[in-house]
Structures are given as structure tokens and as C-alpha cells.
Amino acid sequence: MCSAHSPALPSPPPCVSLDLPTRSSPPSRTCSDSYIPRLLSPEVRVANKPGSLDGVRVDAGIVYAAHRPFAIAVMTTMDRDERAAEDAIGAVALAAFRFFDMVGRTSPYGRVMP
């Protein structure tokens, strides 16, 4: 049974390499074209891999929300406005971040913890 208050996923050990660019990585084309971190605060660590074809946008990765990291994949297709599709991916990621950030700060009874 899945619970919103199950133990948080541990951060990967330092010896494990995910081979994904993170926002703390040196600037690169991949990071600047990423859609998931677009609306997130610069302090939030993100390891992701965006992709695109004509009319298609996708971004998948791990967002390291405090006490509640989560995996996310958002895909769009038949995009008439590719910029709007990219912004939609960012908006979905922001909504997910706000949820997991809140859950990470609450008790099993829903009380926000300091």
C-alpha cells in the first residue's frame, strides 16, 4: 500500500553517478534548454534530461525537494505552440514540487512541521 507519508527516498550515495546534468553543473546547452527547472527556484537541485522533436517536448528527471525528492516525466505532443508546451512542462513540475515540498514538511496527520 502506498502512502504519501512513507519514508523519503534517500539521496544517492556520493559514489553513484546518475550521468544527468544538474542545475549546479557548469552551464551547458542541456541545462539552459531544460523545461522542468524553468519555474523552480534556483536553489532546488534538479537532475533531468529534456528532449524535443517538431511538435513534441519532453523532460524527465529527479527534483530534490527538501525531505521528499521525486521523479517526474512530462511529455507533450501535437504542439502547435512549442514554447507554450515547454511552459506547460515547467508549470506541471512547479505544481508537483509544491505538493512534494509541502508533504515533506508535514506530519502524518497533516500538520506542517518547522
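Database remark: amide H of ARG45 closer than 5 angstrom to the amide H of TYR64 (H placed geometrically; neighbours at sequence offset of 5 or more, or on other chains; Pro and chain starts carry no H). Per-residue Karplus couplings for region 71-76, computed as 6.51 cos²θ - 1.76 cosθ + 1.60 with θ equal to phi - 60°, are listed in order as 9, 8, 9, 10, 10, 10 Hz, Gly and Pro entered as x.
Each value in this text was obtained by applying a stated rule to the coordinates, not by laboratory testing. Just so you know, these numbers come straight off a predicted model, no measurement behind them.
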